[in-house]
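Presented below is the structure to which this report refers.
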Amino acid sequence: MKILKFGGTSVGSADNIRRVKDIIQNQNNRVVIVVSALGGITDRLIKAATLAAEGDGQYASEVKQIVEIHQDSIKSLFSDEQKQQEVFDMVAPEFDELNSITKGVFLIRELSRKSLESISGIGERLSSKIIASFLNAKWFDSRKYIKTYVEYGRSQVDLEATNKLLLEVVPKLDKISLFPGFISSNKKGDNTTLGRGGSDYTASLLAASFDADMLEIWTDVNGFMTADPKVISRAYCIEHLSYAEAMELSHFGAKVIYPPTILPAYQKKIPITIKNTFNPETPGTLIDGQKETPKPRQIKGISSIKNVSLLTVHGMGMVGVSGISMRLFASLAAEEINVILISQASSENSISIVIESDQSEKARKAIEKEFKRELDDRHISGIVIDDQMAVVAIVGENMKHTTGMSGLLFNSVGKNGVNVYAIAQGASELNISFVIKERDIKKALNVIHESFFLSDYSRLNLFLVGKGTVGSKLLNKIAAQSEKLMNENRLKIRLIGLAGRKGMLLNNEGMDASTAIENLEKESIPGTVEDFRDRIIDMNLANSVFVDCSASGEVAAIYQSLLDANVSVVTANKIASSSSYSTYKKLKDTAREKGIRFFFETNVGAGLPIIAPINDLVRSGDKIVRLEAVLSGTLNYIVNTLSEDKPLSEVIIEAKEKGFSEPDPRVDLSGTDVVRKSLILARESGYNLEEADVQVEPFVPQEYLDLPSLEEFMRKVKELDAPFEERRQKALKEGKRLRYGARLTSEGKAVVGLMEVDRTHPFYDLEGSNNIVLIWSEHYFEHPMQIKGYGAGADVTAAGVFADIIKVANV
Ligand code: ADP
Ligand code: ASP
Ligand code: MG
């Protein structure tokens, strides 16, 4: 014999009830069916009762809707009018009772436990009668067999009495029998219930007493999942769980099965399967006592509980005093307060417990009363209650004797800025639970799920500022590479936010990178860079990366607060790293302390890997003693293009027109850009340098740069054509070429300016707008390390930014 329990959604509509019929018709053996109320009805009943107790006349329309929902499903299930009438008559007593009890509650403005239990159980009485008629099943009234008594403010099942009564039913069972779930009665015969979600428990009690071969829980998901699929869309179905694992997961919030359900099945060694009514072919989850082969995962699932408070009692006077915890828990038990988690440090100067939030004030009073003397004497210094907390638990029998589980767990949540307030691990090592802020639940579950279950691919959540040439090329790359990244790097980059100068676009689920700019223009929400930052921090997504493809100081100014909120930063914008040393240092330190990333490889040499090799050298213990570099593609283009027939002024115009220079070429010609890049290289090489420490000779004399307008500059710069050509000719005669370079020496001295190099110097052959960096270190002393190549342009910069983003994912 099999017990099949169908939950609220499984019987939520006439169509769904027809699915249930199909499932029943496919069974070969005798079956006992347990049904919940039609989906959502229990909530509505409780709402009607509460409204009535508050004296709110709205209760009556709630009741009316409940009645109509049932009438509609009867009409839709039974086409035969006579049969329809029969069923209407059958449920009439329930409708009458619902009307009269709620009216009574409304009149006396009081909702006793007894009335509430009566009202909330009406849903199962109605659904079971309707479905039993539809399935031609023999109907049994569970209230006659399942007996309860009250303990700690809740109805508990009187197992002995219940089992005895149920055994008497066995001979009366039919081929298809049906029992309402959830409802029961006490000794006096009053209606009671088994607690929210209790239909599962009804089914398990029947399974145990009837000695069933199998208990099947039919619901709206494919089985027991690695996490709540409503929170983690990538959760997947667990094939097998032990009774203990299922118990822990459900106890810590996995609603798919009501926790007390496990025990009766476990005691009788009855296997439980969780099945999907809407997808009956999938095997679902098997819960039993069998050992697993092959070797299963260490962690089976993650669950969480919300609406809880963390209550901490602390004081030096508690250390070494016996009886404190006994008195604490006794005082809570006396007030019927359920303790969900306990954590005590071995120093004994504090005990933390987790309780349901609506009991926290009651708990405080109970503890204050119990420890009045200790509080007066300051042996206990205080009781602190943190509200809006949550408990997260990871569960798996194979965590036993496996090291590194908590390391992985707390490392992944910590990296994402989720603060852990208390931790508890039972000696059974089956469960590690910890307390966090409720607002961090989704993030915590996501990162844990990713670390333990989805090592097959990781996910980055991207926020981009800047939709200019670099930004748009980056988006194209993301769109074009996404499939390859998934296949080859097991990485999914989701574009969550995009901001331009005037507004932003955000989508929690990610947006199409190829159309994002277009959409931003059409439908952006107005806001500043700071608003964008606030939204990113509020979204609180795991593995978030902020990407700056702008050249704006305002954007650079938000990096610190993003890093503080555990958002990694990748930037093509030089401003932050070349501003004051203390700003640069603080950004780097924050990233390191938080275990996140601050990457700016494209700040120097665009797509050329320069900063990363320097970092690698420094990290390996090498010391960089000297650097020489050509870091301006624009200026290198200019010196390489100068000739007898192409004077300086013309080449400057050409560079501007070809887009090789900044829109205002004076920015390049002043040498400032090279100074900033040198500063970054020097800092990354371990030198504490400020902009003022760099000795700079501008490419053209300062008085030209100081001219009030660009037009005037372009006019006047012609005066330099002759002296420049003279200098070039002189160098040429000596077999040398002009280069605008930067040099850093071991004393930390940095010089930027025009130099002449001969044929033996690596700069000599530097073509076009290329960049070069020579690095002398203790290991690369005689022959410097050389990095040379194309060092400017939106394409290579976008590629460099993209590479940095991928690096964030890989660390
Ligand atoms: P029923 O009405 O069938 O009893 P419930 O709503 O009580 O269904 O339980 C099923 C729901 O439990 C799912 O829709 C899902 O949102 C939730 N749930 C929470 N944690 C888990 C989990 N680990 N696996 C599967 N479902 C879960
Ligand atoms: N209908 C009840 C509830 O919603 C019992 C159940 O569905 O298991 O809690
Ligand atoms: Mg349920």
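The values are calculated or read from the model by the stated rules, or taken from the named source; none is laboratory data. Computed from a prediction, not measured in an experiment: that's the story for all the values here. Heads up, the Cβs are rebuilt from the backbone with ideal geometry, glycines too, and the neighbour counts pull from every protein chain shown.
Let me confirm something: among Ile496, Ile525, which residue is in contact with a Gly (Cβ under 7 Å, 6 or more places away or on another chain) and surrounded by 22 or more Cβ atoms within 10 Å (Cβ to Cβ)?
Just one listed residue meets the conditions, Ile496.
Six or more apart or on different chains, Cβ atoms under 8 Å: show the pairs whose first residue is in the range 246-257 and acidic (Asp, Glu) and whose second is more than 10 Å from ligand 3 (Cβ to nearest atom).
Every condition considered, the pairs that remain are Glu248/Ala393; Glu248/Val395; Glu248/Leu430; Glu248/Asn431.
Do you know which residues across the range 202-252 are within 7 Å of ligand 1 (Cβ to nearest atom), out of contact with any helix residue (DSSP H, G or I) (no Cβ under 8 Å at 6 or more places or on another chain), closer than 26 Å to Asn508 by Cβ and among the hydrophobic types (A, V, I, L, M, F, W, C)?
Within the range 202-252, Val221, Met225 qualify.
For the range 114-181, which strands (runs of 3 or more DSSP E) that fit wholly inside it have 3 or more residues that are closer than 28 Å to Asn99 by Cβ?
Where strands (runs of 3 or more DSSP E) fall fully within the range 114-181 and carry at least 3 residues being closer than 28 Å to Asn99 by Cβ, they are 147-151, 176-180.
Report yes if Ala244 is in a helix (DSSP H, G or I), surrounded by fewer than 21 Cβ atoms within 10 Å (Cβ to Cβ) and not charged (D, E, K, R), otherwise no. Walk me through how you get there before you give the answer.
Details: in a helix (DSSP H, G or I): yes; surrounded by fewer than 21 Cβ atoms within 10 Å (Cβ to Cβ): yes; not charged (D, E, K, R): yes.
Taking the combined requirement at face value, the residue satisfies it.
Is it the case, given these coordinates, that Phe802 is of a type in the set (A, V, I, L, M, F, W, C) and surrounded by fewer than 17 Cβ atoms within 10 Å (Cβ to Cβ)?
no
For the range 474-574, give me every one of the helices (runs of 4 or more DSSP H) that falls completely inside it and has 3 or more residues that are over 26 Å from Lys442 (Cβ atoms) and not aliphatic (A, V, I, L, M).
By residue number, 516-523.
Kindly indicate whether any position in the range 353-371 is under 25 Å from Asn431 (Cα atoms) and touching a helix residue (DSSP H, G or I) at 6+ places or on another chain (Cβ under 7 Å).
Yes: one or more hits.
Can you tell me which residue within the range 736-788, out of those that are in a loop (DSSP other than H, G, I, E, B) and small (Gly, Ala, Ser), is nearest to Val675 (Cα to Cα)?
By that ranking, first place goes to Gly748.
Go through the range 686-703 and report how many residues are farther than 20 Å from Asn636 by Cα and assigned to a helix (DSSP H, G or I).
Residues meeting the conditions: 4.
Sort out which residues of the range 6-50 are more than 16 Å from ligand 2 (Cβ to nearest atom) and in a loop (DSSP other than H, G, I, E, B), and write them in order of number.
Once the filter is applied, which keeps residues that are more than 16 Å from ligand 2 (Cβ to nearest atom) and in a loop (DSSP other than H, G, I, E, B), the range 6-50 yields Asn26, Gln27, Asn28, Asn29, Arg30.
Can you name every residue in the range 59-91 that is of a type in the set (S, T, N, Q) and either farther than 23 Å from Arg19 by Cβ or in a helix (DSSP H, G or I) (or both)?
Ser61, Gln65, Gln71, Ser73, Ser76, Gln82, Gln84, Gln85 - these are the residues of the range 59-91 that are of a type in the set (S, T, N, Q) and either farther than 23 Å from Arg19 by Cβ or in a helix (DSSP H, G or I) (or both).
Please verify whether the range 19-30 includes one or more residues that are closer than 21 Å to Ala132 by Cβ, modelled with pLDDT under 95, within 16 Å of ligand 3 (Cβ to nearest atom) and surrounded by 15 or more Cβ atoms within 10 Å (Cβ to Cβ).
Looking through the range 19-30, none of the residues is closer than 21 Å to Ala132 by Cβ, modelled with pLDDT under 95, within 16 Å of ligand 3 (Cβ to nearest atom) and surrounded by 15 or more Cβ atoms within 10 Å (Cβ to Cβ).
Condition check: surrounded by fewer than 24 Cβ atoms within 10 Å (Cβ to Cβ), under 26 Å from the mean Cα position of the chain (by Cα) and within 16 Å of ligand 3 (Cβ to nearest atom). Does Phe252 satisfy that?
The answer is yes for Phe252.
When you look at Ile176, is it surrounded by fewer than 24 Cβ atoms within 10 Å (Cβ to Cβ), away from ligand 3 (no atom under 14 Å from the Cβ) and touching a residue at least 24 places away in the same chain (Cβ under 8 Å), yes or no?
Judged against the criteria, Ile176 is a match.
Evaluate the following for Ala499: is it within 18 Å of Ser568 (Cβ to Cβ), in contact with a helix residue (DSSP H, G or I) (Cβ under 7 Å, 6 or more places away or on another chain) and without any contact (Cβ under 8 Å) to a residue 60 or more places away in the chain?
Working: within 18 Å of Ser568 (Cβ to Cβ): yes; in contact with a helix residue (DSSP H, G or I) (Cβ under 7 Å, 6 or more places away or on another chain): yes; without any contact (Cβ under 8 Å) to a residue 60 or more places away in the chain: yes.
Criteria met by Ala499.
Going through the range 331-361 one residue at a time, which ones are within 17 Å of Leu375 (Cβ to Cβ), modelled with pLDDT of 85 or more and not in a strand (DSSP E or B)?
Passing the criteria: Ser331, Leu332, Glu361.
Give the number of residues within the range 666-677 that are surrounded by 23 or more Cβ atoms within 10 Å (Cβ to Cβ) and within 39 Å of the chain's Cα centre (by Cα).
In the first step, residues of the range 666-677 are kept if they are surrounded by 23 or more Cβ atoms within 10 Å (Cβ to Cβ); the result is 668-669, 671, 674, 677.
Those left that are additionally within 39 Å of the chain's Cα centre (by Cα): 677.
Within the range 666-677, residues that are surrounded by 23 or more Cβ atoms within 10 Å (Cβ to Cβ) and within 39 Å of the chain's Cα centre (by Cα) number 1.
If we scan the range 614-625, do we find a residue that is under 25 Å from Val547 (Cα atoms), charged (D, E, K, R) and buried (at least 22 other Cβ atoms within 10 Å of the Cβ)?
Checked against the condition, which is being under 25 Å from Val547 (Cα atoms), charged (D, E, K, R) and buried (at least 22 other Cβ atoms within 10 Å of the Cβ), the range 614-625 yields no hits at all.
What residue, among those in the range 1-18 that are without any contact (Cβ under 8 Å) to a residue 40 or more places away in the chain and in contact with an Asp or Glu (Cβ under 9 Å, 6 or more places away or on another chain), is nearest to ligand 3 (Cβ to nearest atom)?
Gly8
Any residue that is free of Cβ contacts under 8 Å to residues at least 60 places away in the same chain, part of a helix (DSSP H, G or I) and away from ligand 2 (no atom under 16 Å from the Cβ) - is there at least one of those in the range 190-211?
Yes, the conditions are met somewhere in the range 190-211.
Going through Leu51, Leu38, Leu111 one at a time, which residue ends up being away from ligand 1 (no atom under 16 Å from the Cβ), surrounded by 14 or more Cβ atoms within 10 Å (Cβ to Cβ) and either within 22 Å of Gly198 (Cβ to Cβ) or among the charged types (D, E, K, R) (or both)? Walk me through how you get there before you give the answer.
Working: Leu51 fails: either within 22 Å of Gly198 (Cβ to Cβ) or among the charged types (D, E, K, R) (or both); Leu38 fails: away from ligand 1 (no atom under 16 Å from the Cβ).
The conditions single out Leu111.
If you check Ser204, Ser128, which single one turns out to be in contact with a Pro (Cβ under 7 Å, 6 or more places away or on another chain), over 19 Å from Val91 (Cα atoms) and at pLDDT 95 or above?
Only one candidate passes the filter, namely Ser204.
Please go through (1) part of a loop (DSSP other than H, G, I, E, B); (2) within 12 Å of ligand 1 (Cβ to nearest atom); (3) among the polar types (S, T, N, Q) for Gln290 and return the number of the only condition it doesn't satisfy.
(2)
Of the residues Phe95, Phe6, Phe78, Phe88, only one is crowded, with 19+ Cβ neighbours inside 10 Å and away from ligand 1 (no atom under 16 Å from the Cβ); which? Walk me through it before giving the result.
Details: Phe95 fails: crowded, with 19+ Cβ neighbours inside 10 Å; Phe6 fails: away from ligand 1 (no atom under 16 Å from the Cβ); Phe88 fails: crowded, with 19+ Cβ neighbours inside 10 Å.
Only one candidate qualifies: Phe78.
Within the range 379-397, is even one residue farther than 29 Å from Glu239 by Cβ, of a type in the set (A, V, I, L, M) and loosely packed, with under 15 Cβ neighbours inside 10 Å?
To start, the set of residues in the range 379-397 that are farther than 29 Å from Glu239 by Cβ comprises 379-389.
Retained after the next criterion (residues that are of a type in the set (A, V, I, L, M)): 380, 383-385, 389.
Checking the rest, the ones that are also loosely packed, with under 15 Cβ neighbours inside 10 Å come to 384.
Within the range 379-397, one or more residues are farther than 29 Å from Glu239 by Cβ, of a type in the set (A, V, I, L, M) and loosely packed, with under 15 Cβ neighbours inside 10 Å.
Residue by residue through the range 212-245, note down the ones that are touching a residue at least 40 places away in the same chain (Cβ under 8 Å), among the charged types (D, E, K, R) and within 16 Å of ligand 3 (Cβ to nearest atom).
Keep residues of the range 212-245 that are touching a residue at least 40 places away in the same chain (Cβ under 8 Å), which gives 212-228, 231-232, 234-245.
Imposing the further condition that a residue be among the charged types (D, E, K, R) reduces the set to 213, 216, 220, 228, 234, 239, 245.
Of everything in the range 212-245, those that are touching a residue at least 40 places away in the same chain (Cβ under 8 Å), among the charged types (D, E, K, R) and within 16 Å of ligand 3 (Cβ to nearest atom) turn out to be Glu216, Asp220, Asp228.
Return the residues of the range 247-278 that are part of a loop (DSSP other than H, G, I, E, B), more than 16 Å from ligand 2 (Cβ to nearest atom) and at pLDDT below 95; say none if nothing qualifies.
Passing the criteria: only Phe252.
Within the bounds of the range 724-734, is there any residue that is touching a residue at least 60 places away in the same chain (Cβ under 8 Å) and not hydrophobic (A, V, I, L, M, F, W, C)? I'd like the intermediate steps shown before the answer.
We begin by selecting, within the range 724-734, every residue touching a residue at least 60 places away in the same chain (Cβ under 8 Å); these are 724-725, 728.
The next check asks that each one be not hydrophobic (A, V, I, L, M, F, W, C); those that pass are 725, 728.
Yes, the range 724-734 contains a residue that is touching a residue at least 60 places away in the same chain (Cβ under 8 Å) and not hydrophobic (A, V, I, L, M, F, W, C).
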